[in-house]
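Structure first, commentary second.
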Amino acid sequence: MFEYINRYNDVYTFTKQEDGSVLWEGEFKYCRFGYPNVYKRAYQQYCKDVGSKGEHPMHIEDFKEQIHEIIYNENHEYVGPGPIAAQYRGLVYSDTTSVDMVDPSGGPYLSTHTNLGERFDSEELKGLCISGFKRVDTGYMIHTYGEFDHLADTKIIGGIINTTEDE
C-alpha cells in the first residue's frame, strides 16, 4: 500500500490488487471529473464533406487538433474558432459513461496514461499506467496497463523490428 497526503492533509491510499489494478481510497467529497471526447461523428462528417469535393481528409489526430483551434489577432485577442472547429465542434461530445480524469480538491490529479510509479515515486506502483477509473464504495478502482505493454508483440533484432517468430 502507498499513502499520499495532499495539500489539505487529506490521506489517500493506493493498494495494488492481484489483477494489476489499484484501489484508490480516500475522501472524494469535492472532486472534478473528466470524460473523454468522442470525435467519431465529427470526423465522419468531415471525411464525407471533404470526400464529396474529391479531396483527401486529414488524419484523425490532426483533425482532433484542428477541432480545438482558436484564432487570435496580432494583439493576441480572441477572434474565434478555427474553420474546422467552427464547422464540426458541435458534433463532438463527451462520453459520460467513461471517466478519464479524477481530481479531488487538493490533489492528487490523475488521468489516463499517467504513470503511477513516476507520479508518486513509488516502487510498488512502478510501471503501472492508468487505462481508466471505476467508482467503488470506498473510492476508485484504477485500471492499469504496463508501461511497456505496447512492446509485447514485437521483437527487436539488430535494430530491425520483427513481428513474427519465424523470421
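Read the figures in this text as sums done on the coordinates, not as results from a lab. What you are looking at is a predicted structure, and each value in this text was computed from that prediction instead of being measured. A quick note on method: Cβ atoms are made from the backbone with ideal geometry, for glycine too, and the neighbour counts reach across all protein chains shown.
Things to note:
- Computed from Cα positions, the angle between helix 40-52 and the longest principal axis of the chain comes to roughly 20 degrees.
- Anisotropy class of the stretch 37-94 from Cα gyration tensor, a/c 1.5 cut: prolate
- If only the Cβ of Lys and Arg carry +1 and only the Cβ of Asp and Glu carry -1, the dipole of the stretch 37-94 around its Cα centre is close to 420 debye.
- Overall, the chain carries a charge dipole of about 740 debye about its Cα centre when +1 sits on the Cβ of Lys and Arg and -1 on the Cβ of Asp and Glu, all other atoms neutral.
- Checking the cross-link pairs LYS64/LYS134; LYS64/LYS126; LYS29/LYS126; LYS16/LYS126 against a 20 Å limit on the alpha carbon distance flags LYS64/LYS134; LYS64/LYS126; LYS29/LYS126 as lying beyond it.
- All other residues whose Cβ lies under 14 angstrom from that of GLY26 are scored, Lys and Arg at +1 and Asp and Glu at -1, for a net of -3.
- Pairs of Cα atoms farther than 23 Å apart, the chain, %: 59 percent
- Most fluctuating residue given options LYS134, LYS16, LYS29, as computed from a GNM of the chain linking Cα atoms under 10 Å: LYS29
- Burial order of peptide ranges 93-101, 107-115 (average beta-carbon count within 10 Å, highest first): 107-115, 93-101
- Cα shape, the stretch 6-45, gyration tensor, a/c 1.5 rule: oblate
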